[in-house]
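Structure first, then comments.
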Amino acid sequence: THVIKSPTFEYFSQCLLKNLEKMGIKAGACIYNPGFYPQGSGRMSVSISPARPKPYNFIERGNFVSSFAHIISANLPAHIADREEKQITEEIGSGIQILKSNYPKNPSTGNAVTIIHEYSGYTIASDCLGEVGKPAEKVARDAMQSLENEVFGGGLDHNMVDQVLIYIALAGGGSLRYGSLSQHTKTNVYTIERFMGKVFEVDEVEKRITHI
């Protein structure tokens, strides 16, 4: 549920699923205990209401709705999460809601910070995993800096671009705006079109991907 180079559970449940809800897909997720590398053993459940994705344009971010920081800690001293919370509130202020979850008897050990900005148009997020020897303050700062870069990018965060492409293709319509076009996104476009034919127009000037 919390692995390097992969979205955290909180990103999945509070960012991806919120964006898919814009496309008429209703799903919810619940975590019982997190799974960190290498032990793993995370447990979660997902409930999905049958639906076909509907076209949606992830173009205009819209009005700011809320901001959350999820701090997950398993088998680690409480001061680590406290220091991350302090770092976030000092830099962002009281406008962000902090949610801390501690798992003292978890099968695996680890720490993660996920920060989410919800707007009326769509939701963006970023995360950072704790590492041995990496100060808690830097974990929090890296998560914040990554999200700040996405905010200034002016579109969906680069991980979300990869994930909603298949739903736009299946919906038969829709579009998105991106801040940066990753090689992973280009690969996803290529792979989807190997199955479905030419379905996307990528405009690198306007930074948009549109279903055609």
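Between segment 1-75 and segment 103-131, what is the C-alpha centre distance in whole Å?
What the calculation gives is 10 Å, centre to centre.
Return the sequence-ordered ³J(HN,Hα) values of segment 2-10 in whole Hz as given by the Karplus equation 6.51 cos²θ - 1.76 cosθ + 1.60 applied to θ = phi - 60°, using x for Gly and Pro.
Each residue of segment 2-10 in turn: 9, 9, 4, 6, 9, x, 6, 4, 5 Hz.
Take the Cα of residue 105, step 7 Å along the line toward its Cβ, and report every residue of segment 27-52 whose backbone nitrogen sits under 20 Å from that point.
31-36, 39-44
Could you work out how far apart the two model spin labels at residue 94 and residue 30 are, taking each label as a point 7 Å from the Cα in the direction of the beta carbon, and quote it in nm?
3.4
Rounded to the nearest whole Å², what accessible area per residue is found for segment 106-212 with the 1.4 Å probe?
For segment 106-212, the per-residue accessible area is 46 Å².
Karplus couplings for segment 20-26 from phi (6.51 cos²θ - 1.76 cosθ + 1.60, θ = phi - 60°), rounded to Hz, Gly and Pro as x?
Result, ordered by residue: 5, 4, 4, 9, x, 9, 9 Hz.
Rounded, prolate or oblate for the chain? Axes are the square roots of the Cα gyration tensor eigenvalues, ordered a ≥ b ≥ c, and the cut-off for rounded is a/c under 1.5. It would help to have the intermediate numbers written out before the result.
Numbers: a/c = 1.98, a/b = 1.62, b/c = 1.22.
Because a/c hits 1.5 or more and a/b exceeds b/c, the chain counts as prolate.
Measuring from a point 7 Å past the Cα of residue 180 along Cα-to-C-beta, which residues in segment 1-24 have an amide N at less than 19 Å?
Counting backbone N atoms under 19 Å from the label point, the list is 4-8.
Considering only protein heavy atoms and a 1.4 Å probe, what is the carbon-and-sulfur percentage of the accessible area of the chain?
After summing per-atom areas, the C and S share lands at 52 percent.
Return the long-range amide H neighbours of residue 121 (sequence gap of 5 or more, or a different chain), with a cut-off of under 5 Å between placed amide H atoms.
Amide H neighbours of residue 121, under 5 Å, 5+ apart: 62, 63.
Roughly how tilted is helix 136-153, in degrees to the nearest 10 and between 0 and 90, from the longest Cα axis of the chain?
Approximately 20 degrees, to the nearest 10.
State, to one decimal in nm, how far the label point of residue 212 lies from the label point of residue 198, with both points 7 Å from Cα in the Cβ direction.
Using points 7 Å along Cα→Cβ, the separation is 0.4 nm.
Given R₀ = 30 Å, FRET efficiency for residue 149-residue 75 by Cβ-Cβ distance, to 0.05?
Efficiency, from the Cβ-Cβ distance: 0.45.
The values are calculated or read from the model by the stated rules, or taken from the named source; none is laboratory data. Keep in mind it's a predicted model, so treat the numbers as computed, not measured. Virtual Cβ from ideal backbone geometry, glycine too; neighbours counted across all protein chains shown. In case anyone asks, the SASA skips ligands and DNA or RNA and just uses the protein heavy atoms, side chains included. Shrake-Rupley method; radii C 1.70, N 1.55, O 1.52, S 1.80 Å.
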